[in-house]
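Inspection log for the structure reproduced underneath, given as structure tokens.
The values are calculated or read from the model by the stated rules, or taken from the named source; none is laboratory data. These figures come from a predicted structure and were not determined experimentally. Cβ: placed from backbone, ideal geometry, glycine included. Neighbour counts: every protein chain shown. Please note that ligands, DNA and RNA were not included when accessible areas were found on the heavy atoms of the full protein model with its side chains. Shrake-Rupley method; radii C 1.70, N 1.55, O 1.52, S 1.80 Å.
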Amino acid sequence: MSEDKTQYGNNKQNSTLKKAMVDALEKSLGVVTTACKSVGIDRGTHYNWLKADEEYAERVKSIEDIAIDFAESKLHKQIEKGDTTATIFYLKTKGKNRGYIERQEITHDLPNANINIEIIGEDPEVNE
């Protein structure tokens, strides 16, 4: 195998396929199977590129933001239409600092019961 060859073909061909894959991922909003089918590569090739090519991985990662932006725009449209569920969801996720947070209250009425509560995670105020 010559120096410019890899297990996936020559570097120029890889570069062309990677660009096509990034474009396909943008069109499919990050759906890997759909993008791979449109480019004509298998999923394993895509994941190998992610591991081996930092620039490719960064470009693919940026597509996640495009998909999230798309989903957020759809959520805002639902809120504009008066969708109560969408409004509540938005407030629970984005309005936490204003008190829109769901808390769980657990009660019991078992006499002489020993209850242990373990809090997993960091207290953000402790690290400030």
Filter pass, L75 being hydrophobic (A, V, I, L, M, F, W, C), touching a helix residue (DSSP H, G or I) at 6+ places or on another chain (Cβ under 8 Å) and in contact (Cβ under 8 Å) with a residue 24 or more places away in the chain: no
Any pair with Cβ under 8 angstrom, 6 or more apart, that starts in segment 56-72 at a residue that is of a type in the set (D, E, K, R) and ends at one that is in a helix (DSSP H, G or I): R59/V22
Cross-chain or 6+ apart pairs with Cβ under 8 Å, segment 30-44 first and of a type in the set (G, A, S), then loosely packed, with under 14 Cβ neighbours inside 10 Å: G30/E64; G30/I66; A35/K27; S38/K27
Options I119, I68, I88; residue that is open to solvent by 80 Å² or more (accessible area, probe 1.4 Å), out of contact with any Lys or Arg (no Cβ under 7 Å at 6 or more places or on another chain) and in a loop (DSSP other than H, G, I, E, B): I119
Residues being modelled with pLDDT under 95, open to solvent by less than 30 Å² (accessible area, probe 1.4 Å) and in contact with a helix residue (DSSP H, G or I) (Cβ under 7 Å, 6 or more places away or on another chain) - total across segment 1-21: 0
Output for segment 22-49, where each listed residue is out of contact with any Asp or Glu (no Cβ under 8 Å at 6 or more places or on another chain), surrounded by 16 or more Cβ atoms within 10 Å (Cβ to Cβ), closer than 26 Å to A71 by Cα and not polar (S, T, N, Q): V22, A24, L25, E26, L29, V32, A35, V39, H46
